[in-house]
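So the structure is just underneath, and the comments pick up after that.
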Amino acid sequence: MADKEIQECGNSVRRILAAARFAAEKHAQQKRKGENGEPYFNHLLEVAELIAASSPNMDVELVMAAFLHDTVEDTGVTLQELEQRFGKDVADLVAEVTDDKSLPKETRKQLQVEHTPEKSSRAQTLKLADKISNLRAIISSPPVGWSRERKQQYFEWARQVVSGIASPNEVLRSEFDKAYRSISKLNES
């Protein structure tokens, strides 16, 4: 590897780690809804890992956006702050997957189904990785107080969102399908 390639790789790693650290700090007090109460950061890490492993070519900004994808919705961080710290591309990716929390939950869910097909392919990849992580979490550590029916409804809604992705990343689509098939485990619990 040439010195320039080593330097570029080092810069990419530093940028990804900066996004990871920022997300960890912003989500530090948050826990997942699951019965195990895992740190919320574990979800962000899983989404970033899914994206990083899904292609032979590392999309540094997309991995960064994976770590940051919930900061605007859940922590009060602004898109302007993300753009200043991490660049316009990262902020734009986060903006594409950020729900308007001023809307009722059911409206936000319906808008995801309707608007996911209009998102950039990179934002769709991020959305797909996010849904995989959420399905896996529902199986491994079900949200406290969620009935079997509510879990199944989430699985069906996630499938509706993902079905709107015209050209999904094949690795992630396969992982989604595998996670979705685990719905049968809901019937055992």
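The values are calculated or read from the model by the stated rules, or taken from the named source; none is laboratory data. Values in this document were obtained by computation on a predicted structure and should not be read as measured data. Neighbour counts are summed over all protein chains in view; Cβ atoms, including those assigned to glycine, are modelled from backbone coordinates with ideal geometry.
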Among the numbered criteria (1) surrounded by 15 or more Cβ atoms within 10 Å (Cβ to Cβ); (2) of a type in the set (G, A, S); (3) more than 17 Å from A53 (Cβ to Cβ), which one does A179 miss? (3)
Inside the range 93-120, can you point out the residues that are of a type in the set (S, T, Y) and not in a helix (DSSP H, G or I)? T98, S102, S120
Only one residue in A166, A158, A123 is outside any helix (DSSP H, G or I), free of Cβ contacts under 8 Å to residues at least 60 places away in the same chain and out of contact with any strand residue (DSSP E or B) (no Cβ under 6 Å at 6 or more places or on another chain), so which one is that? A166
Counting only residues that are within 11 Å of H27 (Cα to Cα) and assigned to a loop (DSSP other than H, G, I, E, B), which one in the range 43-76 is modelled with the lowest pLDDT? G76
Number of the condition not met by A28 [criteria: (1) closer than 30 Å to W146 by Cα; (2) surrounded by 13 or more Cβ atoms within 10 Å (Cβ to Cβ); (3) among the aliphatic types (A, V, I, L, M)]: (2)
Which of the following residues is surrounded by 18 or more Cβ atoms within 10 Å (Cβ to Cβ), farther than 17 Å from D74 by Cα and either modelled with pLDDT of 95 or more or hydrophobic (A, V, I, L, M, F, W, C) (or both): Q124, Q110? Q124
Suppose the filter is polar (S, T, N, Q), within 23 Å of R136 (Cβ to Cβ), touching a Lys or Arg at 6+ places or on another chain (Cβ under 7 Å) and crowded, with 19+ Cβ neighbours inside 10 Å; does T71 pass it? yes
Can you confirm whether the range 35-57 contains a residue that is within 16 Å of the chain's Cα centre (by Cα), farther than 23 Å from A158 by Cα and not polar (S, T, N, Q)? no
Can you name every residue in the range 92-148 that is farther than 20 Å from E46 by Cβ and in contact with a Ser or Thr (Cβ under 8 Å, 6 or more places away or on another chain)? S121, R148
Expected single match for surrounded by 17 or more Cβ atoms within 10 Å (Cβ to Cβ) and of a type in the set (D, E, K, R) among D92, D99 is D92
Pairs please, first residue from the range 32-47 and free of Cβ contacts under 8 Å to residues at least 24 places away in the same chain and surrounded by 19 or more Cβ atoms within 10 Å (Cβ to Cβ), second anywhere and in a helix (DSSP H, G or I) and among the aliphatic types (A, V, I, L, M), Cβ atoms under 7 Å, 6+ apart in sequence or on different chains. F41/A23; F41/A24
